[in-house]
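The values are calculated or read from the model by the stated rules, or taken from the named source; none is laboratory data. These numbers were taken from a predicted model, which means no experiment stands behind them. Ideal geometry is used to build each Cβ from the backbone, glycine not excepted, and the neighbour counts take in all protein chains shown. Remember, those area values only see protein heavy atoms, side chains included, never the ligands or the DNA or RNA. Shrake-Rupley method; radii C 1.70, N 1.55, O 1.52, S 1.80 Å.
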Amino acid sequence: MNTPEELSDTSCGFIALVGAPNAGKSTLLNSLVGTKVSIVTHKAQTTRSQVRGVVTLDKAQLVFIDTPGIFAPKRRLDRAMVDSAWGGAGDADIVALIVDVDRGLTPELEKLLEGLENVNHPRILILNKIDTIKNEELLALSESINAKLRFEATFMISALKGYGVQDFMDWCVKHIPPGPWHFPEDHLTDLTMAITAAEITREKLFLRVHDEIPYNSTVETESFKIQKDGSYKIDQVIYLSRESHKKIVLGAGGQTIKAIGAESRKELMAMYEVPIHLFLFVKVREKWGDDPERYREMGLEYPHGKG
């Protein structure tokens, strides 16, 4: 953390990354931080709660907030995720709208622009996946979005390939407020190791069985212990909403759950650079989406009222 004599010339700002599901927010966050802090899958609504990625550059500290995709909520979990996204936008110093240029100006994006009218912080527009459309289409899309809502700046990037990401970061450094840092210099995320481990396994679960089970399955780390030999022993539970999904996740002879565990263990070992003993369990809780405790585990506020 900063020493008292250093506080006067440091700056620190929170930048919320908002957008529709699968606009590329998590990919952008990982690109900005330079390592994986937010899981990425092709399944919509993968990010459920706010994930903060921290970038410290000289005297500036940027805290990027990856928020859940904003969409029309149908269930209680949906509402909690959307509330979390708008909460992240409301609390930030700068709000960055990430747009998938492949989709263009959709009704979903129109709704997002309406919601952003109520955000009083500086807004910037980020047009993502620019390598997928022609320049004239890109410029036309930029003009039409900027005509609907005023943005301080527009950036055209490819989060996956890194194009334009540094320009966005440089702009943020110049526009965040002065103040002390919120995280140590070597800090990359606010997630605990237990939550990170659960998110990695959830990513592997979705990548392996995304067509067969709904996105409202979840993974929780029940136990995270550092052994005497320095290795980590991790016990995790995959919660599913239906008994029929359990057979899918286990697979014939337990092959699917073994593959999910092996893929998660491999990434966790690379991430933490220690041996990992990972044990996965599968439980069915038909109404886990109505259990406030599950929401607390995911870092979400439980939305009361009808689900």
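When Glu199, Glu136, Glu110 are screened for being among the acidic types (Asp, Glu) and under 18 Å from Arg52 (Cβ atoms), only Glu199 passes.
Criterion applied to Ile145, Ile157 was being of a type in the set (Val, Ile, Thr), in contact with a Lys or Arg (Cβ under 9 Å, 6 or more places away or on another chain), surrounded by 15 or more Cβ atoms within 10 Å (Cβ to Cβ) and in contact (Cβ under 8 Å) with a residue 24 or more places away in the chain, and the one residue passing it is Ile157.
Note on the stretch 232-258: residues that are basic (Lys, Arg) and open to solvent by 70 Å² or more (accessible area, probe 1.4 Å) total 3.
Return the residue satisfying two criteria in turn: it lies in the stretch 106-136 and is touching a residue at least 40 places away in the same chain (Cβ under 8 Å), among the β-branched types (Val, Ile, Thr) and surrounded by 14 or more Cβ atoms within 10 Å (Cβ to Cβ), and of such residues it is nearest to Gly164 (Cα to Cα). Per the stated criteria, the residue is Ile126.
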